[in-house]
1. Taking a cut-off of 20 Å, what percent of all Cα-Cα pairs in segment 2-89 are separated by more than that?
2. For each of Ile38, Ile45, Ile56, count neighbouring Cβ atoms within 10 Å of the residue's Cβ, then give the residues from fewest to most.
3. Which residues make up the longest stretch of the chain that has no GluC sites (Glu not before Pro) in a DSSP loop with at most 13 other Cβ atoms within 10 Å?
4. In debye, nearest 20: dipole of the chain around its Cα centre with unit charges on the Cβ of K, R (+) and D, E (-)?
Amino acid sequence: MALFTYRGSDGPRGLELRPSVRERHLAHLQGLADAGRIRFAGPLIDAEGRPCGSLIVFEAEDLASARALAEGDPYLTEGVFERVEVHETKAVLP
């Protein structure tokens with residue numbers, strides 16, 4: 001299994017929409033969490049201390065599977081995220 005990063009960047013209404021979509025976003029990721037495939041997941045914080053996106057580091061079969069996860073996330077489909085980026089990576093440290 002390969003390691004991927006998924007970075008979601010909030011759109012103009014992201015902060016407003018985030019609370020109403022959060023439970024569906026977490027449910028979308030629950031399968032990965034249950035399988036122990038999430039290495040890190042959490043919000044990106046702006047200079048005022050507010051969420052402005054999210055970063056998830058996780059294991060997936062391939063890039064297509066990783067992109068499908070990001071593209072199906074309610075944070076994207078419901079307008080919290082304006083865009084998502086998915087990249088394969090590899091751990092060097094620690």
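Only the coordinates and a few stated rules stand behind these numbers; no lab work does. This one's a predicted model, so the numbers in the text were calculated from it and none came from an experiment. Every residue, glycine as well, gets a Cβ built from its backbone with ideal geometry; the counts of neighbours run over all protein chains shown.
1. That tail contains 27 percent of the Cα-Cα pairs.
2. By the 10 Å Cβ count, ascending, the order reads Ile45, Ile38, Ile56.
3. 1-47
4. 140 debye
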